[in-house]
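Chemist: Please read through the structure below; I'll follow up with questions.
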Amino acid sequence: MEYNSKLTQNSRNTVIQDYQILSLSNDKDYDDLIFLAASICNVPVAYLGIVADEKVLFKSKTGIRLDEMDLENSFSQATLESEMEYFSVNFSENPELFQKAIPYFKKDYKFYCGVPIINAKGLPIGALNILDVKERELKDFQKKSLKVLANQIMKLLEFRNQNNKFLQIQNKLKQKYQELEKFASLV
């Protein structure tokens, strides 16, 4: 899917608010998908990075304790700027990218791969990211698996968004029903 990484942060923030991503915490469904990414690719670190307000928020993660980092120093931003459906880089190819991340991760990683998380309108809202301590190349099935997992993350976000809208409508209908019952009892 094509997307535009240069859309305004306001557009991205609006989408993030609609999906209520910032309220995600300790969500087992996302944690499971991140665990699968780390397991399939045999890496020590995997995380879901959501781009919001010049920060990358780590909404689900394994192998790290980091909660956020500056957007300009992030692997997630590099993935979105690449405008590729799969972005992979070794330390020897781009040492500057890895050097900027050291103060946050406190470890020398040598391999990074990210897959953008893109909504139905083509807006990238973050990335599924993996890191390893050694340089490497992923196998084709691992690349495909990361893309599938990124799509599943987006579907889960969409499902939860639709479910929240449904619950809001359901609550409004309950209120209207109660008002109608009161009116009927008066009549």
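The values are calculated or read from the model by the stated rules, or taken from the named source; none is laboratory data. Small disclaimer: the values here were computed from a predicted structure and weren't measured. Here Cβ is always computed from backbone atoms with ideal geometry, including for glycine, and neighbour counts include all displayed protein chains. Heads up: the accessible areas ignore ligands, DNA and RNA and are worked out on the full protein's heavy atoms, side chains in. Shrake-Rupley method; radii C 1.70, N 1.55, O 1.52, S 1.80 Å.
Chemist: If I ask for residues that are of a type outside the set (A, V, I, L, M), open to solvent by 50 Å² or more (accessible area, probe 1.4 Å) and without any contact (Cβ under 8 Å) to a residue 60 or more places away in the chain, which ones from the stretch 71-84 would you list? So that I can check it myself, show each step before the final result.
Modeler: Just the residues of the stretch 71-84 that are of a type outside the set (A, V, I, L, M), to begin with: 72-77, 79, 81-83.
Next, only the ones that are open to solvent by 50 Å² or more (accessible area, probe 1.4 Å) stay: 72, 81, 83.
Result: 72, single match.
Chemist: Among the residues of the stretch 24-41, is any surrounded by 16 or more Cβ atoms within 10 Å (Cβ to Cβ), within 18 Å of residue 157 (Cα to Cα) and among the polar types (S, T, N, Q)?
Modeler: no
Chemist: So which of 105, 98 is touching a residue at least 12 places away in the same chain (Cβ under 8 Å), surrounded by 11 or more Cβ atoms within 10 Å (Cβ to Cβ), touching a Lys or Arg at 6+ places or on another chain (Cβ under 9 Å) and not acidic (Asp, Glu)? Steps first, answer last, please.
Modeler: Values: 105 fails: touching a Lys or Arg at 6+ places or on another chain (Cβ under 9 Å).
Step by step, each of 105, 98 is checked, and only 98 is touching a residue at least 12 places away in the same chain (Cβ under 8 Å), surrounded by 11 or more Cβ atoms within 10 Å (Cβ to Cβ), touching a Lys or Arg at 6+ places or on another chain (Cβ under 9 Å) and not acidic (Asp, Glu).
Chemist: Report whether or not residue 66 is out of contact with any Leu (no Cβ under 9 Å at 6 or more places or on another chain), surrounded by fewer than 21 Cβ atoms within 10 Å (Cβ to Cβ), modelled with pLDDT under 90 and not hydroxyl-bearing (Ser, Thr, Tyr). Outline the logic, then answer.
Modeler: Working: out of contact with any Leu (no Cβ under 9 Å at 6 or more places or on another chain): yes; surrounded by fewer than 21 Cβ atoms within 10 Å (Cβ to Cβ): yes; modelled with pLDDT under 90: yes; not hydroxyl-bearing (Ser, Thr, Tyr): yes.
For residue 66, the condition - out of contact with any Leu (no Cβ under 9 Å at 6 or more places or on another chain), surrounded by fewer than 21 Cβ atoms within 10 Å (Cβ to Cβ), modelled with pLDDT under 90 and not hydroxyl-bearing (Ser, Thr, Tyr) - is met.
Chemist: Among residues belonging to the stretch 136-155 that are among the polar types (S, T, N, Q) and either touching a residue at least 24 places away in the same chain (Cβ under 8 Å) or surrounded by fewer than 15 Cβ atoms within 10 Å (Cβ to Cβ) (or both), point out the one that is farthest from residue 44 (Cα to Cα).
Modeler: Our first condition is that a residue be among the polar types (S, T, N, Q); within the stretch 136-155, this holds for 142, 145, 151-152.
Okay, now just the ones that are also either touching a residue at least 24 places away in the same chain (Cβ under 8 Å) or surrounded by fewer than 15 Cβ atoms within 10 Å (Cβ to Cβ) (or both), so 142, 145, 152.
Values: 142: 15, 145: 17, 152: 21 Å.
The qualifying residue farthest from residue 44 (Cα to Cα) is 152.
Chemist: Let me ask something else. Give the stretch 140-187 a look and list any residue that's touching a Cys at 6+ places or on another chain (Cβ under 9 Å) and either more than 21 Å from residue 50 (Cα to Cα) or not hydrophobic (A, V, I, L, M, F, W, C) (or both), or say none.
Modeler: Listed by number, the residues that qualify are 142, 143, 145.
Chemist: Follow-up. Which numbered condition in (1) closer than 25 Å to residue 123 by Cα; (2) among the hydrophobic types (A, V, I, L, M, F, W, C); (3) touching a residue at least 12 places away in the same chain (Cβ under 8 Å) is the only one that residue 58 fails?
Modeler: (3)
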